Amino acid sequence: MASFASTECFLPLHQSRLSLPTHHKHHPGNGSCSTFLQLQRAATHKSKSLSFTFSAQGTIPCVSVERNDRSSFVKTSAVRYLTGSVTRTQGLRFAVVVARFNEIVTKQLLEGALATFKNYSVQDEDIDVVWVPGSFEIGIAAERLGKSGKYHAVLCIGAVIRGDTSHYDAVANSAASGVLSAGLSSGVPCIFGVLTCDNMEQALNRAGGKSGNKGSETALTAIEMASLFEHHLK
């Protein structure tokens, strides 16, 4: 239950010296009623006058507080926290787009993703793997898969390693924007799992080496997002 209160305004009645003349107003036709409480609290140096209005409109209670020519409207209602679950994987289907370029890296990322799917009870028949030539082509393939309506999430796996020219920046930026665009246009979560590294050592460290396997992390993100969309955001 969400509630907002000033510590100056609310005290337990048995602990405060309050006079509570109460006036009720009934509003015919809309089934609502309001209760007006004029509260007078004695203080050591000065007194403060508070006016409370409680209104029950349907199922959402509201409180209006007026004090010293200031007013605020407080709505109290249940706060819902929506999150995806990594344990509710039954019925979820995934596509994995993998770039063939730098296959020594991307293949290990794919293996990490598939192992994570298995660990979280995603069935093999609910996973399709699509190979594309390089990371630049990931976005268009992810968009087509997302729009097919067959998948709850699309993993995008690739590896771009810096070379001697600016080609690295063009491919890395295009891969990132392509995956983002695919998700936005299809309405299906497209998870960015493209490594952008300065050298091959960094890439291998992130494909099952000392820095873990980013393919596994991508799969876990895909499960959570697929669950969120399927169970809460349909």
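Kindly indicate whether any position in the range 128-143 is out of contact with any Cys (no Cβ under 9 Å at 6 or more places or on another chain) and buried (at least 21 other Cβ atoms within 10 Å of the Cβ). Break it down stepwise before answering.
Initially, the range 128-143 is screened for residues out of contact with any Cys (no Cβ under 9 Å at 6 or more places or on another chain), giving 128-134, 136-137, 140.
Add one more test, that the residue is buried (at least 21 other Cβ atoms within 10 Å of the Cβ), and what stays is none.
Within the range 128-143, none of the residues are out of contact with any Cys (no Cβ under 9 Å at 6 or more places or on another chain) and buried (at least 21 other Cβ atoms within 10 Å of the Cβ).
Return the only residue of ASN30, ASN119, ASN68 being modelled with pLDDT of 95 or more and either of a type outside the set (A, V, I, L, M, F, W, C) or more than 32 Å from the chain's Cα centre (by Cα) (or both).
Sole residue among the options that is modelled with pLDDT of 95 or more and either of a type outside the set (A, V, I, L, M, F, W, C) or more than 32 Å from the chain's Cα centre (by Cα) (or both): ASN119.
Of all residues in the range 203-218, those satisfying the criterion of being of a type in the set (Lys, Arg) and outside any helix (DSSP H, G or I) are ARG206, LYS210.
Residues in the range 139-169 that are within 21 Å of LYS107 (Cβ to Cβ), among the β-branched types (Val, Ile, Thr) and over 24 Å from the mean Cα position of the chain (by Cα): VAL160, ILE161.
Quick one: which of VAL154, VAL179, VAL160, VAL122 is surrounded by 16 or more Cβ atoms within 10 Å (Cβ to Cβ), in a loop (DSSP other than H, G, I, E, B) and of a type in the set (A, V, I, L, M)? Talk me through it step by step, then tell me what you get.
Values: VAL154 fails: in a loop (DSSP other than H, G, I, E, B); VAL179 fails: in a loop (DSSP other than H, G, I, E, B); VAL160 fails: in a loop (DSSP other than H, G, I, E, B).
Within the list VAL154, VAL179, VAL160, VAL122, the selection yields VAL122.
Can you name the residue in the range 96-116 that is more than 27 Å from the chain's Cα centre (by Cα), open to solvent by less than 50 Å² (accessible area, probe 1.4 Å) and among the β-branched types (Val, Ile, Thr) and is also nearest to PHE136 (Cα to Cα) among such residues? Among those that are more than 27 Å from the chain's Cα centre (by Cα), open to solvent by less than 50 Å² (accessible area, probe 1.4 Å) and among the β-branched types (Val, Ile, Thr), it is THR106.
The values are calculated or read from the model by the stated rules, or taken from the named source; none is laboratory data. Since the model is a prediction, treat every value here as computed from it, not as a measurement. Please note: Cβ atoms are built from the backbone with ideal geometry, for glycine as well, and neighbour counts cover all protein chains shown. What goes into the accessible areas is simple: the full protein's heavy atoms, side chains included, and nothing from ligands, DNA or RNA. Shrake-Rupley method; radii C 1.70, N 1.55, O 1.52, S 1.80 Å.
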